[in-house]
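*Asks:* Below is a structure I'd like to ask you about.
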Amino acid sequence: MKRFLAIVLALAMVFALCACGGNDKANETDKPDTAAYKVAMITDYGDITDQSFNQTTYEACKAFCDKNSVEFKYYKPTADSTAARVEMVEQAVAEGFNVIVMPGFAFAGTIAECQDTYPDVKFIALDVSEFDLYDSFYNHDKDGNRTDLKDPNNKEHISKNVYCAVYQEELCGYMAGYAAVKLGYTKLGFLGGMAVPAVVRYGFGFVQGADAAAKELDTKIEINYVYGGQFSGNADITAKMDTWYAAGTEVVFACGGSIYTSAAEAAQKVNAKVIGVDVDQKGIIDGGYGEGMTVTSAMKGLAATVNTMLTEVFAGNWDNYGGKIDTLGLISDNPTENYVQIPMESTQWADGKFTQDDYKALVASMHKGDVKVSNDTTAMPAVDAGHTTVDDQGSIK
């Protein structure tokens, strides 16, 4: 009997040890494979202090890598050109980095040139659309129209080592325009950077949201609309904003890199308002130009995308994403879970006008499909003439 019990106990110990060993291995597979990858991030033509695309992407990459003890480095091109960005890719690869994160449509040409040259490098591109990528394979005439392929042997495509994420900017643009009118603003402005598809979607969404709110409130609104022709402010753009605000414009949605500086400088002079873009810009706008200036911001989930993709890379799930261009937008009735939103914390909610509960109801309606927003970028959206007037002023330059 004693011998039998000894055998049973011995077997039990063996099974226990096997189980522990199996759990250790399972736990190991749950952890990121930090030895396999080194992460680099390349800025487009801005800097990691731009309070927009570059800074948000940089901070998200760094936070992930710091948390998981992964080597990380960022690179800043010496010029705003595909050649300069390709040079940074070459440098990063030469230094052993094999996951490269690139924010902004300007990286389309970089991807076209590098994706097949470095098949073992995983490229994660934010805001690079199918149009941007495929357009970069072609030469263009003086009017910007496609002519012949730059390399007849290199057909337009996206390789398996590339993942691109684009966003439904029209949805958060709609939210911002809707919120502004609900909060009582009737003289609005949209200042876009360059008239690229993402910026146009923001602007056209803004017009649609403002128009919808005006109809609901049965009030009349006016919208000035212009593109600055660049992604930064300057004296000419500030002068344009001075003219708008002096004529009664109350709030301007400044959409495109640091072009917000011109809107904020002009707003500061007359105690007017600004709407931020891409990320929650309350900190930089209010901090630099006046507390309470930022009504809200139309945001897209850059940090969430970076974190998700790096997590998937290190979990060995790249094959689920490589070679794809995903369009990210609403995934839930919960505003904070979506890839496009306005900020719950800093939006200037007002009881009896537009509250967090009102916003949640709007998002639920949009997610359900009861509220539909066009993503057409070919023509200014139609508005209710009895409630909304749009003065499309083209481009400043």
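*Asks:* Cα convex hull of region 37-156: mean projected area in nm², to one decimal? Write down the numbers at each step before the final one.
*Replies:* Working: hull surface 31.2 nm².
With the hull built on Cα positions only, its mean projection is 7.8 nm².
*Asks:* Can I ask one more? Placing +1 on the Cβ of each Lys and Arg and -1 on the Cβ of each Asp and Glu in the chain, which of 140, 158, 205 has its Cα farthest towards the positive end of the resulting dipole?
*Replies:* So the residue we want is 158.
*Asks:* If ligands, DNA and RNA are left out, what is the accessible area of residue 220 with a 1.4 Å probe, given in Å² to the nearest 10?
*Replies:* 150 Å²
*Asks:* Rounded to a whole number, what % of the accessible area of the chain do carbon and sulfur atoms account for, probe 1.4 Å?
*Replies:* 51 percent
*Asks:* Can you tell me the length gained on complete extension of the stretch residue 344 to residue 156, counting 0.36 nm per residue apart and subtracting the Cα distance?
*Replies:* Working: separation 188, 0.36 × 188 = 67.68 nm, distance 4.08 nm.
Fully extending the segment from residue 344 to residue 156 adds 63.6 nm.
*Asks:* Rounded to the nearest 5, what is the percent of antiparallel bridges among the DSSP beta bridges in the chain?
*Replies:* Details: 5 of 51 bridges.
Percent antiparallel among DSSP bridges in the chain is about 10.
*Asks:* Say we join alpha carbon atoms closer than 10 Å with springs in a Gaussian network model of the chain; which of 182, 269, 324 then has the biggest fluctuation?
*Replies:* Taking springs between Cα atoms under 10 Å, the residue moving most is 269.
*Asks:* Per DSSP H run of at least 4 residues, take -39500 (n - 2.57); add these up for the chain, divide by its residues and hand me the 222 nm value, nearest 500 deg cm²/dmol.
*Replies:* Working: 12 runs with 162 residues, N = 397.
The helix-only estimate for the chain comes to -13000 deg cm²/dmol at 222 nm.
*Asks:* Based on a Kirkwood Rh over C-alpha pairs, give the Stokes-Einstein translational diffusion coefficient of region 86-148 at 37 °C and viscosity 0.692 mPa s in µm²/s. Could the numbers behind the result be given before it?
*Replies:* Numbers: Rh = 12.5 Å.
Estimated diffusion coefficient is 263 µm²/s.
*Asks:* Turning to a different aspect of this structure: Report the equivalent ellipsoid semi-axes for the chain in whole Å, largest first, defined as the square roots of five times the eigenvalues of the gyration tensor built from alpha carbon atoms.
*Replies:* Semi-axes, largest first: 44, 28, 19 Å.
*Asks:* Put a dot 7 Å past each Cα toward the Cβ at residue 195 and residue 90; how far apart are the dots in nm?
*Replies:* Output for this residue pair reads 3.6 nm.
*Asks:* Separate question: Which values, in whole Å and largest first, are the semi-axes of the equivalent ellipsoid of region 93-241 obtained as the square root of 5 times each eigenvalue of the Cα gyration tensor? Mind dumping the intermediate values first?
*Replies:* Values: eigenvalues 282, 62, 42 Å².
Result for region 93-241: semi-axes of 38, 18, 14 Å.
*Asks:* Sorted by average packing, counted as other Cβ atoms within 10 angstrom per residue and highest first, what order do 68-78, 127-137 take? Could you put the intermediate results ahead of the total?
*Replies:* Working: 68-78: 16.4, 127-137: 20.3.
Packing proxy ranking, top to bottom: 127-137, 68-78.
*Asks:* Another question, then. What does the accessible area per residue of the chain come to in Å², with a 1.4 Å probe and no ligands, DNA or RNA counted?
*Replies:* Working: 17970 Å² over 397 residues.
That works out to 45 Å² for each residue.
*Asks:* A further question follows. Working from the pairwise distances between different alpha carbons, so that the mean of 1/r is found and then inverted, what is region 255-397's Kirkwood radius in Å? Before the final figure, lay out the partial values.
*Replies:* Details: mean 1/r = 0.0555 Å⁻¹.
By the Kirkwood definition, the hydrodynamic radius is 18.0 Å.
*Asks:* So, one more: Measure off 7 Å from each Cα along the Cα-to-Cβ vector at residue 269 and residue 365, then give the distance between these two points in nanometres to one decimal.
*Replies:* Simple spin-label model gives 3.8 nm for this pair.
*Asks:* Where in region 105-141 is the amide nitrogen less than 12 Å from a point lying 7 Å along the Cα-to-Cβ axis of residue 148?
*Replies:* 139-140
*Asks:* Let me ask another. Please give the net charge around residue 202, taking every other residue with its beta carbon less than 12 angstrom from that of residue 202, where Lys and Arg add +1 and Asp and Glu add -1. Kindly include the intermediate steps, with their values, before the conclusion.
*Replies:* Numbers: positive: 201, 300; negative: 127, 169, 170, 278.
Around residue 202, the surrounding residues sum to -2.
*Asks:* Rank-order 39-46, 156-163 by packing density, defined as the average count of other C-beta atoms within 10 Å over each peptide's residues, highest first. Please list the in-between numbers first.
*Replies:* Working: 39-46: 24.0, 156-163: 18.4.
With the highest mean Cβ count within 10 Å placed first, the list reads 39-46, 156-163.
*Asks:* For residue 304 and residue 71 in one chain, what is 0.36 nm times their gap in residues minus the Cα-Cα distance, to one decimal in nm? Write down the numbers at each step before the final one.
*Replies:* Working: separation 233, 0.36 × 233 = 83.88 nm, distance 1.99 nm.
Stretched out fully, the residue 304 to residue 71 stretch lengthens by 81.9 nm.
*Asks:* While we're on this one: Using only the Cα atoms of region 306-359, what do you get for the radius of gyration and for Dmax, in Å?
*Replies:* Gyration radius and largest Cα-Cα distance of region 306-359: 16.3, 50 Å.
*Asks:* Which whole-number percentage describes the relative contact order of the chain, with Cα contacts under 8 Å and a sequence gap of 6 or more? Intermediate values should be presented prior to the final figure.
*Replies:* Numbers: 759 pairs, mean separation 67.8, N = 397.
Answer for the chain is 17 percent.
*Asks:* Just 139, 375, 224 to compare: in a GNM of the chain, with alpha carbon springs under 10 Å, which one fluctuates most?
*Replies:* Judging by the Gaussian network model, the answer is 139.
*Asks:* Hey, if you put +1 on the Cβ of every Lys and Arg and -1 on every Asp and Glu Cβ in the chain, which of 121, 82, 234 ends up farthest toward the positive end of that dipole?
*Replies:* 121
*Asks:* Using 0.36 nm per residue of separation minus the Cα-Cα distance, give me the extension gain between residue 49 and residue 131 in nm, one decimal.
*Replies:* On the way: separation 82, 0.36 × 82 = 29.52 nm, distance 2.84 nm.
Stretched fully, the residue 49-residue 131 segment lengthens by 26.7 nm.
*Asks:* A further question follows. So how strong a dipole does region 41-179 carry about its Cα centre when Lys and Arg Cβ are +1 and Asp and Glu Cβ are -1, to the nearest 20 debye? Don't skip to the answer; put the middle values down first.
*Replies:* On the way: 11 positive and 24 negative charges, 67 e Å.
Using Cβ point charges on Lys, Arg, Asp and Glu, region 41-179 gives about 320 debye.
*Asks:* Pop a pseudo-label 7 angstrom from the Cα along the beta-carbon direction at both residue 140 and residue 36 and give the gap in nm to one decimal.
*Replies:* 3.8 nm
The values are calculated or read from the model by the stated rules, or taken from the named source; none is laboratory data. Because the structure is a prediction, the values reported are computed rather than measured. Note that each Cβ is placed from the backbone with ideal geometry, even for glycine, and that neighbours are counted across all protein chains shown. Just the protein is used for accessible areas: all its heavy atoms, side chains included, with ligands, DNA and RNA removed. Shrake-Rupley method; radii C 1.70, N 1.55, O 1.52, S 1.80 Å.
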